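Q: Input: one structure, supplied below.
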Amino acid sequence: MKNRVLLGAIVALIPVQTIAQTDNAALYGARESVGDISMSPDGTQLAFIQPARDRGSVLFVAGAEGGAPKAVFQSDGAPWKLAGCNWASNVRLVCTLYGVADPGVGHPVPFTRLVAVGTDGSNIKQLGQHSLKGAYGLHQFDGQIIAWPVADDGQVVMTREYRQQEQTNTRLSSIDEGLGVDMVDTASLRVRRIESPRIDASRYLADETGAVRIVGVRATDGQGMQRDLMIYSYRKPGSRDWKPLSRVTSDGDAFTPVAVDGKRNLAYGFKDKDGRSAVYAVTLGEAAAEELLFAHGQVDAGEILRIGRTGRVIGVAYSTDKPEFKLFDSEYASLAAKLQKALPGLPLIRFVDASRDESRLLLFAGSDTDPGRYYVYDKASRKLHEVALARPELESRTQAEVRPVSYAAADGTMIPAYLTLPPGRDAKKLPAIVMPHGGPSSRDEWGFDWLAQYYSAQGYAVIQPNFRGSAGYGDDWYVENGFKSWKLAVGDVNDAGRWMVKEGIADSSRLAVVGWSYGGYAALQAGVLDPDLFKATVAIAPVTDLKGLVERAGNFTNARIVSDFIGTGAHLVEGSPTQQVAKIKAPVLMFSGDQDLNVDISQAKAMEAALKAAGKPVELVTYPGLDHQIYDSTARADVLRRSDAFLKKTLQLP
């Protein structure tokens, strides 16, 4: 395979603010140059989203062989931001806009809108209902595309959220209510009803032809509050009758469908095997024949891999020490092996998109030291060319290698982790950071991490532990989750710091903990469990009060699920940093966006107030209009710059 690189073809596509190469905070805090990218049905064009200044985004279209990109749509991020775009035809795109706002209900809520636009920027159409409110409810979500019809003529098969509408002083009204499925012409807005709206429907899955084959219904109690139960039903080919498929709860014992192959009459999805998530194919019929496609003895199955316009299933991703994949499709398995040879040093290869006939592919390749590159591969010519860099501002800089390690917890259990050391520095007596991940139902993976790389560039050794309570390692590792089993999870986090000191990597007097979301909670609670271990604490969007987290969820229909997840008992006090500030010794720096839906800013404010009342050093930095991800290049750079200055001052670094 010939690797023909066209550097600069679609690299740095729009004028961006020049970043000084010495300003590490701005370099690493900058959002990725390619936020989303897709290939046109004929394979000749690419659509991609790039960040504009601060939190804005711009949609561009360019030829797959290069050429000047053309801006066709943009959002300012206040509140709407471009979350993703794909092709309804070779001349028309559909984009998802996401935003957070308070529509007068007393707290921020999320909204999505689906917008269609021509490749020349013309004929912009909203595909969902236009009103913010119906007569009987808030219109939050426009829906999502669940199939791209084979004609690629600008029509889409999409779910649509309906709320009852009525117009004052008229007899006009609509009694449609719930989630339905429509065929929508993105240019004319002509609609053909496929599935009538159902108030109880939460999810629909269609096959490659656009036929709706599976519906998911979220069970509720008598007050309309969601229960931990999703009920899936299926249809036989050509039938309109629903048949029971599975009843899914959070224990993972039942089959959760994620894709349908109409030609083979199969549903692909997940189900537990021996305490770990595995991938199965289930025949959609009374016999419901079940085939195990993938299971691993140490880790859970990850994402089901799909390709192109039909979403055809080709494999599954999973992660041991490093991300891996198993490809069921022999053609793609062979191609992936060839790509590994053609792109040495870039082992993280992903099939991003494809033309309708799959003759042209859009790929991503990256590593721990390379943020990633996008390529177009032509099967006929067997030519591969680079079209974009994920982070062009970092292209000339040496990044730190990430090494999988393991360390012994206090009870002897070996904890997997990733160690990132400053390039060109001896790994001896370094200032060091333990950085627990968010979730807690998540895990860290080997690869490029902008936070870890920034701190490494500033001279810190960074360890990222996959503590017990992390997802990805099966039920036994997950335990009860990182809140109910907080002592075990946070104990593993603290043991990561002790291990670095024991190994001589870290200086015990210059050891800090930094975390985001649940990681921020673990960072604060680490100082409760062992007040003398860490000398500085940085918590970004942290959970601080478990009881308050449950109470806040009472505003939403998932309140029961959140309450069951957090649990009841003594840990609501013992495991809440706000209730344990007397034990905390290390100075604390926190960051939070005031539109955070995952962890309301009241959590950080409560922690700030509790620490101040106890006479403990604390600072809270807030970002107006930003949510949990702080998706703003300037704000992210500010987080990095302030946290580094805080750590240097607190740890007494030069």
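Q: By its C-alpha gyration tensor, with a ≥ b ≥ c as the square roots of the eigenvalues, how is segment 375-452 shaped: rounded for a/c under 1.5, else prolate for a/b larger than b/c, else oblate? All intermediate terms of the calculation are to be shown ahead of the outcome.
A: Details: a/c = 2.73, a/b = 1.79, b/c = 1.53.
Taking the square roots of the gyration eigenvalues as a ≥ b ≥ c, segment 375-452 is prolate.
Q: Another question about this same structure. Can you work out the FRET efficiency for the pair Thr44 and Lys326, with r the C-beta to C-beta distance and R0 = 25 Å, to the nearest 0.05?
A: Details: r = 32 Å, r/R0 = 1.26.
Computed FRET efficiency for Thr44 and Lys326: 0.20.
Q: Given a cut-off of under 8 Å on Cα pairs at least six residues apart, what relative contact order in percent is computed for the chain? All intermediate terms of the calculation are to be shown ahead of the outcome.
A: Numbers: 1614 pairs, mean separation 68.2, N = 654.
It rounds to 10 percent for the chain.
Q: Sticking with this one: Can you sort Asp444, Asp176 by 1.4 Å-probe accessible area, starting with the largest?
A: Details: Asp444 20, Asp176 50 Å².
Result, largest first: Asp176, Asp444.
Q: Ignoring ligands, DNA and RNA, what accessible area per residue does segment 522-623 give at 1.4 Å, in Å²? Present the calculation step by step, with values, prior to reporting the outcome.
A: On the way: 3910 Å² over 102 residues.
Computed with neighbouring chains in place, this is 38 Å² per residue.
Q: Per-residue ellipticity at 222 nm for the chain, helices alone: DSSP H runs ≥ 4 residues times -39500 (n - 2.57), over residue total, nearest 500 deg cm²/dmol?
A: The helix contribution divided over the chain gives -5000 deg cm²/dmol.
Q: Whose amide H sits under 5 Å from the amide H of Ala536, counting only residues 5 or more places off or on another chain, with H placed in the peptide plane?
A: Residues meeting the criterion, in which the H sits 1.01 Å from N, are Val513.
Q: With θ set to phi - 60°, apply the Karplus curve 6.51 cos²θ - 1.76 cosθ + 1.60 along segment 308-314 and write out the HN-Hα couplings as whole Hz, x wherever there is a Gly or Pro.
A: x, 5, 8, x, 4, 6, 10
Q: Right, next: When N counts the residues of segment 488-589, how does its alpha-carbon radius of gyration compare numerically with 2.2 N^0.38 Å, as a ratio?
A: Details: Rg = 14.8 Å, N = 102, 2.2 N^0.38 = 12.8 Å.
For segment 488-589, the normalised Cα radius of gyration comes out at 1.16.
Q: While we're here: Using all alpha carbons of segment 308-397, what is the percent of pairwise distances in each 5 Å bin, ordered from the shortest bin to the longest?
A: Pairs per bin, as whole percents: 3, 12, 23, 26, 19, 11, 4, 1.
Q: Between segment 271-342 and segment 574-617, what's the alpha-carbon centroid distance in Å?
A: Cα centres, segment 271-342 to segment 574-617: 42 Å.
Q: Could you list which residues have their amide H under 5 Å from that of Leu597, counting only those 5 or more apart in sequence or on another chain, with H placed in the peptide plane?
A: Sorted by chain and number, the residues that satisfy this are His628.
Q: Right, something else. Alpha carbons only, please: Rg and Dmax for segment 198-297, in angstrom.
A: 13.8, 42
Q: Rounded, prolate or oblate: which fits segment 537-654, taking a ≥ b ≥ c as square roots of the Cα gyration tensor eigenvalues, rounded meaning a/c under 1.5, else prolate when a/b beats b/c?
A: Details: a/c = 2.63, a/b = 1.33, b/c = 1.97.
Oblate is the answer for segment 537-654, as a/c is 1.5 or above yet b/c matches or exceeds a/b.
Q: What is the dipole size for segment 385-450, taken about its Cα centre, with +1 at each Lys and Arg Cβ and -1 at each Asp and Glu Cβ, in debye to the nearest 20?
A: Values: 7 positive and 9 negative charges, 59 e Å.
Rounded to the nearest 20 debye, it is 280 debye.
Q: Separate question: Quick one: accessible area per residue over segment 298-457, 1.4 Å probe, rounded to a whole number of Å²? Intermediate results must be reported in sequence, preceding the final value.
A: On the way: 6320 Å² over 160 residues.
Computed with neighbouring chains in place, this is 39 Å² per residue.
Q: For the chain, with the dipole built from +1 on Lys and Arg beta-carbon atoms and -1 on Asp and Glu ones, taken about the Cα centre, which of Tyr375, Ser517, Ile566 lies farthest toward the positive end?
A: Selected residue: Tyr375.
Q: If you add up the charges near Asp36, with Lys and Arg at +1 and Asp and Glu at -1, over every other residue whose beta carbon is less than 13 angstrom from its beta carbon, what do you get? Intermediate results must be reported in sequence, preceding the final value.
A: Values: positive: Arg31, Lys81; negative: Glu32, Asp353.
Here the count lands on 0.
Q: Please turn the phi angles of segment 546-562 into ³J(HN,Hα) values with the Karplus equation 6.51 cos²θ - 1.76 cosθ + 1.60 (θ = phi - 60°), one per residue in order, whole Hz, x for glycine and proline.
A: Karplus-based 3J(HN,Hα) across segment 546-562 equals 5, 5, x, 5, 5, 5, 5, 5, x, 7, 10, 6, 8, 4, 5, 5, 4 Hz.
Q: Is the shape of segment 355-414 best called rounded, prolate or oblate, per the rule: a/c under 1.5 gives rounded, else a/b larger than b/c gives prolate, else oblate, with a ≥ b ≥ c the square roots of the Cα gyration tensor eigenvalues?
A: Numbers: a/c = 4.47, a/b = 2.02, b/c = 2.22.
Verdict is oblate for segment 355-414.
Q: Pairs of Cα atoms under 8 Å, at least six residues apart: use those to get the relative contact order of segment 375-452, whole percent. All intermediate terms of the calculation are to be shown ahead of the outcome.
A: Numbers: 60 pairs, mean separation 16.0, N = 78.
Here the relative contact order equals 21 percent.
Q: Can I ask one more? Using the Karplus curve 6.51 cos²θ - 1.76 cosθ + 1.60 with θ = phi - 60°, work out ³J(HN,Hα) for each residue of segment 334-339 in order, rounded to whole Hz, and write x for Gly and Pro.
A: Ordered by residue, 3J(HN,Hα) equals 5, 5, 4, 5, 5, 5 Hz.
Q: Might you report the magnitude of the Cβ-based charge dipole of the chain about its Cα centre, with Lys and Arg at +1 and Asp and Glu at -1, to the nearest 20 debye? Could the numbers behind the result be given before it?
A: Working: 73 positive and 76 negative charges, 130 e Å.
Here the chain has a charge dipole of around 620 debye.
Q: Over 17 Å apart: what share of the alpha carbon pairs of segment 197-243 falls there, rounded to a whole percent? Write down the numbers at each step before the final one.
A: Numbers: 405 of 1081 pairs.
So the pairs more than 17 Å apart make up 37 percent of the total in segment 197-243.
Q: Over the Cα atoms of the chain, how large are the radius of gyration and the largest Cα-Cα distance (Dmax), in Å?
A: 25.0, 78
Q: At a 1.4 Å probe, what is the % contribution of carbon and sulfur to the accessible area of the chain?
A: Values: 13260 of 26950 Å².
Heavy-atom surface of the chain belonging to carbon and sulfur, 1.4 Å probe: 49 percent.
Q: Step through the table entries Lys271/Lys338; Lys271/Lys484; Lys484/Lys535; Lys81/Lys535; Lys125/Lys236, compare each Cα-Cα distance with 29 Å, and write down the pairs that go over it. Could you put the intermediate results ahead of the total?
A: Numbers: Lys271/Lys338 32 Å; Lys271/Lys484 24 Å; Lys484/Lys535 26 Å; Lys81/Lys535 38 Å; Lys125/Lys236 34 Å.
Over 29 Å apart, Cα to Cα: Lys271/Lys338; Lys81/Lys535; Lys125/Lys236.
Q: Under a point-charge model restricted to the Cβ atoms of Lys and Arg (+1) and Asp and Glu (-1), what is the dipole moment magnitude of segment 432-578 relative to its Cα centre, in debye to the nearest 20? Walk me through the numbers on the way to the answer.
A: Working: 11 positive and 16 negative charges, 49 e Å.
Approximately 240 debye in magnitude.
Q: Near the amide H of Thr186, under 5 Å away, which other amide H atoms are found, from residues 5 or more places off or on another chain, if H is placed in the peptide plane?
A: Result for Thr186 returns Gln155, Val156.
Q: Sum up the charges of everything whose Cβ sits under 9 Å from the Cβ of Val260, counting Lys and Arg as +1 and Asp and Glu as -1, but leave Val260 out. List each step's numbers first, then the result.
A: Numbers: positive: Arg213; negative: Asp207, Glu208, Asp261.
Charge balance in the 9 Å sphere: -2.
Q: Between segment 496-520 and segment 29-56, what is the separation of their alpha carbon centroids in Å?
A: Between the Cα centre of segment 496-520 and that of segment 29-56, the gap is 36 Å.
The values are calculated or read from the model by the stated rules, or taken from the named source; none is laboratory data. Here the structure is a predicted model, which is why all the values come from computation and not from measurement. Cβ atoms come from the backbone with ideal geometry, glycine included; neighbour counts cover every protein chain shown. These area figures cover heavy atoms from the full protein model, side chains too; ligands, DNA and RNA do not enter into them. Shrake-Rupley method; radii C 1.70, N 1.55, O 1.52, S 1.80 Å.
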